[in-house]
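Since the structure comes first, as structure tokens, the remarks are kept for the end.
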Amino acid sequence: MMAEGSNPASDATPSKEEEPDDVPQNFKNDTPEADAQAARDSEAAPDPCKYRYIKDDLFTSEIFKVEIRNLPKFTGFNDLKKFLAKHGLNPHKIKLFGRQTFAFVTFKNEEERDKAMKMVHGMQWKGQVLSVKLAKPKADPILKKRKQEEGEGVSGQPVSKRTEGGEEEDEEPLSVQIANVVTPLWNVPYEEQLRRKEQEVVGILQRLANEIGSTNKAMLPWLFAQKGKFNKMCCPLEAIRPSPTQTEYRNKCEFLISVGADGEDKTIGFRLGKYKGGSCAVVGPAETCHVSAEAKRVVSEFQNFIRTTPYSVYSPETYEGHWKQLTVRTTRTKQAMVIVFFNPQKLEEDELNALKSSMKKYFTEGKGSESAATSLYFVRDGQRKSPNPEDLPCELIAGESCIHEELLGLKFRISPHSFFQVNTGAAEVLYSAVGEWAQLDQDSTVLDVCCGTGTIGISLAKRVKKVIGIELCQEAVEDARVNAKLNGLSNVEFHCGKAEDVFPNILNAVVSPNVTAIVDPPRAGLHSKVILAIRRAEHLKRLVYVACNAKAAMANFIDLCRAPSNRVHGAPFRPVRALAVDLFPQTMHVEMLLLLERVDYDSQQQQTP
């Protein structure tokens, strides 16, 4: 039974873009606007039938797209991004083509797009005169596929579902199909899963060794010795640490609400294929091995509820309908937060109030109470101008405003938009390793960058003089401050803002002789401004980097270790220790921990510590 509660704090976008495995199953942001493949005929006027998302005024950077021609040959993504940033331009997406001599670039609004066209057109770059023109938006993949099927299908059935002889192909059961999508390693023995992930990290450290050799010649003698000792890697790699549980480990899942792959309407589950492949059908999570029994129970009850309502599921093809997404967060303390995303379309306010009242009654007094949900939120997800669902305010319908979790003997409050590692048991393994490696004492100051609800910093606070956390999401910062009080800590402070804006000033203000930074950034890594600030602050001697996508963070690793230059000031770091922790069993994703220490040029220490 749920009790009344107040509305949560104001919403904000979390600093962690939910690590790559937070919802691999949903293909999050995999919508018409999320995968900007080339539309070559940039002069043609958009066909409103093919571009319904434009007609309906939904957010999509596709309508703010330009084509940049005559780029220098082999221009890379980062090259173009840095070039545009140098001129005060902030692109939303970049897609390079044709030996990287032309690119499609999208922006978040018309003003930024027009500014780019005005500034870049005619500009010289590496001897090339650039040209810019408007580009046509990408067609809706669903409509494109439907048109193909209408032309190619036999008896109304797509060709892909038939053999050459006209017989229907045998398909695997839906439970197997969805398992292959959301947990691709479900039928691989766990020891083999760990071996594969460890080998992936070996490859990353071998690549990093080569990159350091290319960008910092002074490190070559040290690097040569390292590669000889550690299988061509730049540092030793400890044995991978497994997840304490390999199934039902996810404490957060995002489910789509759509037509089921079995034909059942109003089905809650995971998408069977990517939107860009023309798929909207979903399969329920009942037989998926990584979703908890508590979350499955919530999904089942919520599906029963929405099927009793007159409102249809939202269609990304027509932009009609209402039910869109269900997010379920659970804890080991047996609490469950339910967040439903609903497009109100043109419903009157009294209709929405009636729906919310019936939802509350169903989950507090009716059959839905069996789901044991302790927090129930309603989100109006209409014609959003922002690409992030986290930007939408959550309205508490019933229950407590937050859920609580215990980790490493500490208590943590979690709000709807706050980041919290999706595998609590494995997070304890990860944070314990961070504590081991940070080499902390009572004189230490810890800078916890992208701190979420403060888990890492709070877990280390009793061992150090001070912890300073930095986080973008206001909700998470409020949670972190509450969590510090819950655990009786007075030596912890948290700051809200973009790391690239807040971190340099905080770092410069720290006067402690023993400063350690711990960074746990989104999948894309830290902003280059943060890396440059770290390099400049030479009193910062040790850095623990927690990477949920080490390949994406490679640019950060390289910049931390590259030789000083006009752009990069301060002595470089070098990697001295690495570890893989399996936070995501049954998937290919793995968390990597990398310890980097400042090179001491004064004592000419270029040997392994």
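State all residues of segment 333-365 that are at pLDDT below 95 and basic (Lys, Arg); if no residue qualifies, say none. Residues satisfying the conditions are Lys334, Lys346.
Please verify whether segment 578-585 includes one or more residues that are at pLDDT 95 or above, of a type in the set (Gly, Ala, Ser) and at negative phi. Yes: one or more hits.
Within segment 232-249, restricting attention to residues that are crowded, with 16+ Cβ neighbours inside 10 Å and hydrophobic (A, V, I, L, M, F, W, C), which residue is nearest to the chain's Cα centre (by Cα)? Among those residues, the one meeting the criterion is Ile240.
Among the residues of segment 215-231, is any out of contact with any Ser or Thr (no Cβ under 9 Å at 6 or more places or on another chain), hydroxyl-bearing (Ser, Thr, Tyr), in the same structural domain as Val544 (by TED's automatic domain parsing) and surrounded by fewer than 16 Cβ atoms within 10 Å (Cβ to Cβ)? Within segment 215-231 (the criterion being out of contact with any Ser or Thr (no Cβ under 9 Å at 6 or more places or on another chain), hydroxyl-bearing (Ser, Thr, Tyr), in the same structural domain as Val544 (by TED's automatic domain parsing) and surrounded by fewer than 16 Cβ atoms within 10 Å (Cβ to Cβ)), the answer is no, since none of the residues qualifies. Just so you know, in segment 287-335 the residues that are in a strand (DSSP E or B) and of a type in the set (Lys, Arg) include one that is nearest to the chain's Cα centre (by Cα), and it is Arg329.
Residues that are in contact (Cβ under 8 Å) with a residue 24 or more places away in the chain, assigned by TED's automatic domain parsing to the domain that holds Thr453 and surrounded by 23 or more Cβ atoms within 10 Å (Cβ to Cβ) are absent from segment 507-514. Mind counting the residues in segment 250-275 that are part of a loop (DSSP other than H, G, I, E, B) and within 18 Å of the chain's Cα centre (by Cα)? Number satisfying all stated conditions: 2. Please determine, by comparing only the residues of segment 487-544 that are under 26 Å from the mean Cα position of the chain (by Cα), of a type in the set (Asp, Glu) and outside any helix (DSSP H, G or I), which one is modelled with the highest pLDDT. So the residue we want is Glu493.
Within segment 220-262, the set of residues being touching a residue at least 40 places away in the same chain (Cβ under 8 Å) and aliphatic (A, V, I, L, M) comprises Ala225, Met233, Leu237, Ala239, Ile240, Leu256, Ile257, Val259, Ala261. Among the residues of segment 546-558, those identified as buried (at least 23 other Cβ atoms within 10 Å of the Cβ) and farther than 18 Å from Phe584 by Cβ are Asn556, Phe557. When Arg577 is tested against the conditions (1) basic (Lys, Arg); (2) outside any loop (DSSP other than H, G, I, E, B); (3) farther than 30 Å from Pro184 by Cα, the lone failure is (3). Among the criteria (1) part of a strand (DSSP E or B); (2) surrounded by fewer than 22 Cβ atoms within 10 Å (Cβ to Cβ); (3) in contact with a Gly (Cβ under 6 Å, 6 or more places away or on another chain), the one Ser401 does not fulfil is (1).
Please tell me if Glu538 is in contact (Cβ under 8 Å) with a residue 60 or more places away in the chain and touching a Gly at 6+ places or on another chain (Cβ under 7 Å). Spelling it out, Glu538 is indeed in contact (Cβ under 8 Å) with a residue 60 or more places away in the chain and touching a Gly at 6+ places or on another chain (Cβ under 7 Å).
State all residues of segment 178-190 that are within 15 Å of His589 (Cα to Cα), of a type outside the set (Val, Ile, Thr) and outside any loop (DSSP other than H, G, I, E, B); if no residue qualifies, say none. Within segment 178-190, Asn180, Tyr190 qualify. Of everything in segment 585-598 that's in contact with a Lys or Arg (Cβ under 7 Å, 6 or more places away or on another chain) and surrounded by 20 or more Cβ atoms within 10 Å (Cβ to Cβ), which residue is nearest to Lys551 (Cα to Cα)? It comes out as Val590. Collect the residues in segment 336-369 that are among the aromatic types (Phe, Trp, Tyr) and either in contact with a helix residue (DSSP H, G or I) (Cβ under 6 Å, 6 or more places away or on another chain) or assigned to a helix (DSSP H, G or I) (or both), keeping them in residue-number order. Matches in segment 336-369: Tyr362, Phe363. With the structure loaded, tell me whether Asn483 is of a type in the set (S, T, N, Q), farther than 20 Å from Ala578 by Cα and surrounded by fewer than 21 Cβ atoms within 10 Å (Cβ to Cβ) or whether it fails that test. No; evaluated as a whole, the condition is false for this residue. Checking Val282 against (1) surrounded by 14 or more Cβ atoms within 10 Å (Cβ to Cβ); (2) touching a residue at least 24 places away in the same chain (Cβ under 8 Å); (3) out of contact with any Ser or Thr (no Cβ under 6 Å at 6 or more places or on another chain): exactly one of these is not met. Which one? Here Val282 meets the rest and fails (3). Considering Glu67, Glu110, the condition of being more than 24 Å from Ser528 (Cα to Cα), among the acidic types (Asp, Glu), touching a residue at least 12 places away in the same chain (Cβ under 8 Å) and surrounded by fewer than 18 Cβ atoms within 10 Å (Cβ to Cβ) is satisfied by Glu110 alone. Close Cβ contacts (under 7 Å, 6 or more residues apart or on different chains) running from residues in segment 172-197 that are farther than 16 Å from Thr247 by Cβ and in contact (Cβ under 8 Å) with a residue 60 or more places away in the chain to residues that are of a type in the set (Phe, Trp, Tyr) and crowded, with 17+ Cβ neighbours inside 10 Å comprise Val181/Phe270.
The values are calculated or read from the model by the stated rules, or taken from the named source; none is laboratory data. Note that the coordinates shown come from a computational prediction; the quantities given were computed from them, not determined experimentally. Ideal geometry is used to build each Cβ from the backbone, glycine not excepted, and the neighbour counts take in all protein chains shown.
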